[in-house]
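What follows is a short report on a single structure.
The values are calculated or read from the model by the stated rules, or taken from the named source; none is laboratory data. For clarity, every value in this text was computed on a predicted model and none was experimentally measured. Every residue, glycine among them, receives a Cβ derived from its backbone with ideal geometry; neighbour counts consider all protein chains shown. Note: accessible area is taken over every heavy atom of the protein model, side chains too, but ligands, DNA and RNA are not part of it. Shrake-Rupley method; radii C 1.70, N 1.55, O 1.52, S 1.80 Å.
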Amino acid sequence: MKCEILSIGSELTSGQNLDTNSQWLSRRLAEIGITVGWHTTVADDLDANVEAFQIATRRSSLVLATGGLGPTQDDLTREVLARVAGVELVIDPESLRQIEDMFRRRNRAMPERNRVQAFFPAAAEPIQNHHGTAPGIWMRVGSCWVGAMPGVPSEMFPMFEKQLKPRILAAGLGGGVIIQRKINVFGAGESAIEEKLLDLTRRDHVPEVGITVADATISLRILARAASAAEAQAQIAPVEQTIRQRLGDLVFGVEDEELQDAVAKLLLEKRLTIGTAESLTGGLVADRLVTVAGASRWFRGGIVSYANEVKRDVLGVPQQLLDAKGAVSAEVVEAMAVGCRRVLQTDLAVSTSGVAGPDALGPDLPVGFVWTAVAWEGGVGSFSYSWAGTRSEIRRRTAKFALNRVRLHLLRGAGTV
């Protein structure tokens, strides 16, 4: 069976707010073996809501909706469900009492408009809201079960966990588990990665392996469906092992781990310190590093040397080198890293320079062309790359590129990058 999640609200369709409820619900449903086939977002429009629910209840065994249960005129979910089910709205005295009690506990007079929250489609089961005034709804529409919850996460989360989930399981809609394992990769393109894994990413593979890309980071998602968590993990483990064997040190982490987390772990293991000297990235590398808790144990500081005068006066890059090679060059980015290491007295230093745009610096320096360097005791190495993207994308991706070069240096040992 498949589930559809409906997120209701013009604030979502207009882009004013981000729908995080669907993501959260999909993950909770996977824990009880329910696959989500559709995420649908619909504005506060009566006809559009009726159509959305009609489509959802025809193609799904379970529909979960968030939003539209408040007391205002644009809160339409109660009326919509009554129309879709072909029944009347009726007041539930117990729900009305609970709403009145909540206002009384808060020493507030209940507006007359809040009475509408005690109305439900006939034969629907009201779901008490212990954290707000909007009760939820549990009902059957044809062969489909429908659960409607408030859109406020602090109300929706506990309502699902404590009240909707037990009803879903009692209806026989769950069963087994769906477990996902995410493996994060950096340093090669999506096509190059998939070429190494074609037998794993084919559509009929069990477990399912998918690829997503976000800002040059590639994530491999292993999705296993099984009767128990142990069986699902048994499906995942050999596939993850194969991926790691084929991709080697392109793999930097799992789940929500970022490149800076991998760098931090290696610096701690090796008891090394690091500093940053940034031109193009303007502090983004340092910013990523300090998002890691405990960064003060290994991060000494950063120098944003955007102007050539700062490269010269603070980092000690020779003016003759800047004049001869230009700021976007292997020689200058290496001198920046060496100077940063000396000034901040660190074991390692990483530097960045490049062309973020909108204008190129010449035929050999197009927009997106960048350099990064890593300096260590007794050596320095530099690497270039050409990005496509906006100015912001080029800067963000270069920060990741720099961190990845540090990671590879730490993995492969002193004297290499």
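General observations
- Taking the range 285-316 as the range and being in a loop (DSSP other than H, G, I, E, B) and farther than 21 Å from Glu393 by Cβ as the test, the residues that pass are Val292, Ala293, Gly294, Trp298, Ser305, Ala307, Val314, Leu315, Gly316.
- Test: Leu223 is at pLDDT 95 or above and aliphatic (A, V, I, L, M): no
- Count of the range 42-70 residues, restricted to those that are surrounded by fewer than 17 Cβ atoms within 10 Å (Cβ to Cβ) and not small (Gly, Ala, Ser), is 8.
- When the residues of the range 170-190 are filtered to those that are in a strand (DSSP E or B) and modelled with pLDDT of 95 or more, the one that is farthest from Ile34 (Cα to Cα) is Val185.
- All of Ala109, Ala134, Ala148 fail the test of being among the small types (Gly, Ala, Ser) and open to solvent by 30 Å² or more (accessible area, probe 1.4 Å), apart from Ala109.
- Condition met for Arg167 (out of contact with any Ser or Thr (no Cβ under 6 Å at 6 or more places or on another chain), within 21 Å of Cys3 (Cα to Cα) and at pLDDT 95 or above): yes
Here's the yes/no breakdown for (1) in contact with a strand residue (DSSP E or B) (Cβ under 7 Å, 6 or more places away or on another chain); (2) closer than 13 Å to Val285 by Cα; (3) part of a strand (DSSP E or B):
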| site | (1), (2), (3) |
| --- | --- |
| Ser353 | yes, yes, yes |
| Trp371 | yes, no, yes |
| Val380 | yes, no, yes |
| Gly389 | no, no, no |
| Arg395 | no, yes, no |
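- First in the range 158-169 and more than 14 Å from Pro126 (Cα to Cα), second anywhere and open to solvent by less than 60 Å² (accessible area, probe 1.4 Å) and charged (D, E, K, R), Cβ under 8 Å, 6 or more apart: Glu161/Arg28; Lys165/Arg28
- Set Ala124, Ala118: member being buried (at least 21 other Cβ atoms within 10 Å of the Cβ), aliphatic (A, V, I, L, M) and under 15 Å from Val80 (Cβ atoms): Ala124
- Being within 19 Å of Leu76 (Cβ to Cβ) and β-branched (Val, Ile, Thr) is a condition met by at least one residue of the range 150-168.
- In the range 318-345, the residues that are buried (at least 23 other Cβ atoms within 10 Å of the Cβ) and either in contact with a Cys (Cβ under 8 Å, 6 or more places away or on another chain) or more than 26 Å from Lys270 (Cβ to Cβ) (or both): Ala327, Val332
- When residues of the range 346-368 are limited to those that are modelled with pLDDT under 95 and charged (D, E, K, R), the one least open to solvent (accessible area, probe 1.4 Å): Asp359
- Those strands (runs of 3 or more DSSP E) of the range 198-272 in which at least 2 residues are open to solvent by 20 Å² or more (accessible area, probe 1.4 Å) and in contact with a Gly (Cβ under 9 Å, 6 or more places away or on another chain), considering only elements entirely within it, cover 217-226.
- Looking only at the range 318-350, residues that are outside any helix (DSSP H, G or I), in contact (Cβ under 8 Å) with a residue 60 or more places away in the chain and within 15 Å of Ala402 (Cα to Cα) come to 3 in all.
- Matching residues in the range 299-317 - criterion: being surrounded by fewer than 22 Cβ atoms within 10 Å (Cβ to Cβ) and either free of Cβ contacts under 8 Å to residues at least 40 places away in the same chain or of a type in the set (S, T, N, Q) (or both): Val304, Tyr306, Ala307, Asn308, Glu309, Val310, Arg312, Asp313, Val314, Gly316
- Selection of the range 83-94 for residues being surrounded by fewer than 21 Cβ atoms within 10 Å (Cβ to Cβ) and within 39 Å of the chain's Cα centre (by Cα) yields Arg83, Ala85.
- Screening the range 3-26 for residues that are over 16 Å from Ala148 (Cβ atoms) and touching a strand residue (DSSP E or B) at 6+ places or on another chain (Cβ under 8 Å) and picking the one that is most open to solvent (accessible area, probe 1.4 Å) gives Thr13.
- Gly142 without any contact (Cβ under 8 Å) to a residue 12 or more places away in the chain and loosely packed, with under 14 Cβ neighbours inside 10 Å: no
- Residues that are over 17 Å from Glu155 (Cα atoms), β-branched (Val, Ile, Thr) and at pLDDT below 95 do not occur anywhere in the range 39-62.
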